[in-house]
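The values are calculated or read from the model by the stated rules, or taken from the named source; none is laboratory data. Source: prediction; values computed, not measured. Backbone-built Cβ (ideal geometry, glycine too); neighbour counts: all protein chains shown.
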């Protein structure tokens with residue numbers, strides 16, 4: 001038995017089918033767009049410092065310079081800034097003078113391209129290059145109180161300034177290398193940085209908020225560490241967390257990743273020394 | 001010498017309640033943590049903290065291994081007279097650090 005439809009009926013059915021196809025296509029396109037925007041980069045208006053994801057108590061600890069334990073590291077650096085080192089007994093202050101004037105904005109543009117190294121170098125590397133080249137003193141070891149102190153003291157001079165790292169044309173290829181590392185799945189858990197900090201930002205992992213992962217306050221005081229640590233310590237932590245082999249301190253890979261993270265956070269104000277849980 | 005951050009109001013009115021905050025850098029090693037080789041890191045903590053106002057003790061606290069690194073203490077007192085507040089931390093190895101801050105009371 002065949003169903004006979006009037007001309008009017010056939011027209012209505014055709015319209016319905018077209019509409020259904022259109023709606024399905026629209027849903028597909030929006031879903032695809034959504035996935036792209038989620039997996040892509042965070043727009044400038046949506047950038048959010050991890051400061052805002054902390055408890056009111058931790059925020060109060062960071063905001064009060066006499067309660068912020070990171071300020072102890074800054075004080076340590078302030079003393080080292082004036083302390084002579086090397087055979088010529090020269091201090092940082094002998095060349096650079098008052099850090100409040102000469103070091104303002106320096107941390108906001110690091111990692112910065114170094115023509116001698118032909119790659120971007122981090123603030124820690126810059127301090128050690130200056131130490132080896134100008135002071136002729138032994139370089140400071142990573143995560144030593146002295147290197148953390150000097151880095152925190154220099155970075156503290158840029159507190160409140162917007163991040164500008166990666167603006168240099170010569171840094172561009174390294175930003176791209178850092179972006180690749182950020183998006184690359186790694187470790188036994190097969191997770192990329194982006195899998196959590198871009199795709200699931202604002203969500204929760206084991207009850208804790210997932211921040212966007214902007215390096216706005218390094219070196220920072222981490223309550224879990226009970227001490228101040230560098231961004232590279234944090235990155236190596238995260239790599240161990242996904243059961244991947246972490247890159248060495250001072251490796252070009254970590255510098256590129258740092259550069260990309262700073263470029264990704266450009267515009268956000270620096271908070272050094274920040275407090276994080 | 002460990003670095004300390006102390007917050008005392010520079011000036012206060014007589015009879016006013018003032019808040020005093022003291023933060024000192026110290027690892028507060030509990031003695032229960034193993035190092036990379038598996039051996040226990042020897043205990044190293046601050047045992048007591050005290051504050052004296054013109055020589056008279058106004059606050060004292062005993063610390064224990066469960067206190068976090070870089071201990072932060074906040075307390076209040078009555079501003080009674082101009083003079084100095086002295087802060088003393090004593091570690092369990094007997095090391096002592098004392099810091100002083102002036103206060104003007106009108």
If you go through A:216, A:228, the only one that is within 14 Å of chain B (Cβ to nearest Cβ) and at pLDDT 95 or above is A:228
_Checking the structure you have, find out if any residue of the stretch A:53-65 is in contact (Cβ under 8 Å) with a residue 40 or more places away in the chain and under 15 Å from residue A:157 (Cα atoms)._
no
Counting only residues that are touching a helix residue (DSSP H, G or I) at 6+ places or on another chain (Cβ under 7 Å) and closer than 15 Å to residue A:155 by Cα, the stretch A:80-111 contains a total of 11
Checked the stretch A:60-74 for anything surrounded by 17 or more Cβ atoms within 10 Å (Cβ to Cβ) and either in contact with a strand residue (DSSP E or B) (Cβ under 8 Å, 6 or more places away or on another chain) or over 18 Å from residue A:270 (Cβ atoms) (or both); matches are A:61, A:62, A:67, A:68, A:69, A:70, A:71, A:72, A:73
Counting only residues in the stretch B:14-32 that are surrounded by fewer than 11 Cβ atoms within 10 Å (Cβ to Cβ) and at negative phi, the one nearest to the other protein chains (Cβ to nearest Cβ) is identified as B:32
*Tell me, please, whether a residue that is within 15 Å of the chain's Cα centre (by Cα) and in contact (Cβ under 8 Å) with a residue 24 or more places away in the chain can be found in the stretch A:125-143.*
no
Filtering the stretch B:1-13 down to residues that are surrounded by 14 or more Cβ atoms within 10 Å (Cβ to Cβ) and within 14 Å of chain A (Cβ to nearest Cβ) yields B:2, B:3, B:4, B:5, B:6, B:7, B:8, B:9
Listed by range, helices (runs of 4 or more DSSP H) wholly within the stretch A:76-162 having at least 1 residues that are within 14 Å of chain B (Cβ to nearest Cβ) are A:145-156
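So that you can scan it fast, the table gives a plain yes or no per residue for (1) at pLDDT below 95; (2) in contact with a helix residue (DSSP H, G or I) (Cβ under 9 Å, 6 or more places away or on another chain); (3) more than 17 Å from residue A:213 (Cα to Cα):
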position	(1), (2), (3)
A:26	yes, no, yes
A:29	yes, no, yes
A:34	yes, no, yes
A:42	yes, yes, no
A:74	no, yes, yes
A:78	no, yes, yes
Of the residues in the stretch B:68-84 that are within 14 Å of chain A (Cβ to nearest Cβ) and in contact with a strand residue (DSSP E or B) (Cβ under 8 Å, 6 or more places away or on another chain), the one that is farthest from residue B:25 (Cα to Cα) is B:75
Of the listed residues (A:233, A:179), the one being buried (at least 16 other Cβ atoms within 10 Å of the Cβ), assigned to a helix (DSSP H, G or I), modelled with pLDDT of 95 or more and in contact with a strand residue (DSSP E or B) (Cβ under 9 Å, 6 or more places away or on another chain) is A:233
